[in-house]
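The values are calculated or read from the model by the stated rules, or taken from the named source; none is laboratory data. Model, not experiment: these values are computed from the prediction. FYI the Cβ positions are ideal-geometry reconstructions off the backbone, even for glycines, and counts take in every protein chain you see.
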Amino acid sequence: MKINKIVLNGFRNYEWEAAEFAPGTNVITGANAQGKTNLLEAVYMLSTGRSFRTRFDRELVGFGYSSAEILAEVDSKDREQSIRIVLQPGQGKKIQVNGVRKTASELGQTLNTVLFCPDDLNLIKEGAALRRRMMDNAISQIRPRYAELLAEFNRLYEHKSRILKDWREKPSLLDTLDEFSDAMARVSAQMIRYRAAFSLRLDAAAAPIHREFSGEGEALRLQYETVSTVRDTTASAKEIYYDICEHQERHRQAELEAGQCLTGAHKDDLLVFINEKSARSFASQGQTRTAALSLKLAEREIFLDETGEYPILLLDDVLSELDPRRQSFVLNRIGGGQTLISCCEDEGISSRTGGRLLFVQAGRIRAGQRG
Ligand code: ATP
Ligand code: MG
């Protein structure tokens, strides 16, 4: 999969600008606050319909504009396709692929991206939320049904959280509590099956990459962790649902007391072990960064496996965070697919990468000179 061309109209600090990308490596360079990340954000949106920085579409619309438009020409499934996203805060967003109306969850059938930004270097050390988000983003792109489940889950979770928070002031809210708990258990059961399957694939893909990457032949192992009463995460959704209900019943009182949801897929985690020790507790900073990169590179392999094509890899400001050995490992591994790398102009990154140079200044993009 490749993006050949993008046109941005009223998106972030781009008033009206177009850029063309090379099939392999593209280095997007320029000073701070010129629009490098905004450009990657637009490409990311083409695969998910959402930003990785904000939930609010109105933040994506240029100051003083009432709508934003992203247009792209991409190569996918052996043909050129066009994607158009129009953001009209207040009126929702309009998504079209080849002129045909689509939902955000359907975009993954045309374009996939794997994003890596400096926050992701803490993927292993940070709380479970970051690891859940990684799973959610990847699974949503390859399984539209999962994206729908996730949206439904978030809706239920917010509603149930509100009940648990406010029931003391408004006891009548409790009338619908069990209904919401049950709906959450049903959706959780389905999500758990997807996450379990994804974790197994990620584990299989990441282990060999990490063994090579660590240089020390370190063994990386991933283990999906969910609601404690679930005995088998690969069982049928019905069996998982019954197991979750058991947890739900046991924790009903505690939920009321704590004022928050204690049962459901929102507490899941992906445990990471290096040489059978918890990486979160015991690994060094260098080890966890290497492991985080291994996971991202593994995610790319899963997309290849799934669609027959590499996704677009978006490296936002991340190469400068890595030492030369890790930089080389990443750069040597990403052949075969298209990569968009953003970096500040004075970091000397572009001299190591090859590929096309794009220079960004105040929302304008021009082909940069090498040399
Ligand atoms: P850095 O090297 O610091 O990461 P960058 O080139 O990646 O910089 P971006 O994050 O792309 O910078 O942002 C560039 C500019 O876009 C910022 O100055 C920001 O104020 C501006 N910006 C963000 N949102 C909007 C918007 N909705 N309308 C207009 N400008 C915006
Ligand atoms: Mg940036």
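Of all the criteria given as (1) away from ligand 2 (no atom under 16 Å from the Cβ); (2) closer than 18 Å to residue 359 by Cβ; (3) touching a residue at least 12 places away in the same chain (Cβ under 8 Å), the one not satisfied by residue 16 is (3). Considering only segment 233-256, state which residues are farther than 24 Å from residue 127 by Cα and either in contact with a Phe, Trp or Tyr (Cβ under 6 Å, 6 or more places away or on another chain) or acidic (Asp, Glu) (or both). Matches in segment 233-256: 239, 243, 246, 249. Hey, could you check segment 19-37 for residues that are in contact (Cβ under 8 Å) with a residue 24 or more places away in the chain and near ligand 2 (Cβ under 10 Å from one of its atoms) and say which is surrounded by the fewest Cβ atoms within 10 Å (Cβ to Cβ)? For segment 19-37, the residue satisfying everything is 32. Counted as qualifying within segment 1-44 are the strands (runs of 3 or more DSSP E) with 3 or more residues that are among the aliphatic types (A, V, I, L, M), namely 2-11. Within the set 69, 41, the sole residue that is within 16 Å of ligand 2 (Cβ to nearest atom) and of a type outside the set (S, T, N, Q) turns out to be 41.
Residue by residue, here is whether (1) crowded, with 19+ Cβ neighbours inside 10 Å; (2) in a helix (DSSP H, G or I); (3) among the hydroxyl-bearing types (Ser, Thr, Tyr) holds:
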{"position": "313", "(1), (2), (3)": "yes, no, no"}
{"position": "320", "(1), (2), (3)": "no, yes, yes"}
{"position": "325", "(1), (2), (3)": "no, yes, no"}
{"position": "329", "(1), (2), (3)": "yes, yes, no"}
{"position": "336", "(1), (2), (3)": "no, no, no"}
{"position": "340", "(1), (2), (3)": "yes, no, no"}
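For segment 202-258, a residue qualifies if it is within 28 Å of residue 289 (Cα to Cα) and part of a helix (DSSP H, G or I), and the qualifying residues are 202, 203, 204, 205, 206, 207, 208, 209, 210, 211, 212, 213. Cβ separations smaller than 7 Å between residues 6+ apart or across chains give the following pairs from segment 255-272 residues that are closer than 17 Å to residue 186 by Cβ to residues that are part of a strand (DSSP E or B): 268/225. Note on segment 102-144: residues that are in contact (Cβ under 8 Å) with a residue 24 or more places away in the chain and not in a loop (DSSP other than H, G, I, E, B) total 26. Is it true that residue 156 is in a helix (DSSP H, G or I), touching a helix residue (DSSP H, G or I) at 6+ places or on another chain (Cβ under 8 Å) and at pLDDT 95 or above? For residue 156, the condition - in a helix (DSSP H, G or I), touching a helix residue (DSSP H, G or I) at 6+ places or on another chain (Cβ under 8 Å) and at pLDDT 95 or above - is met.
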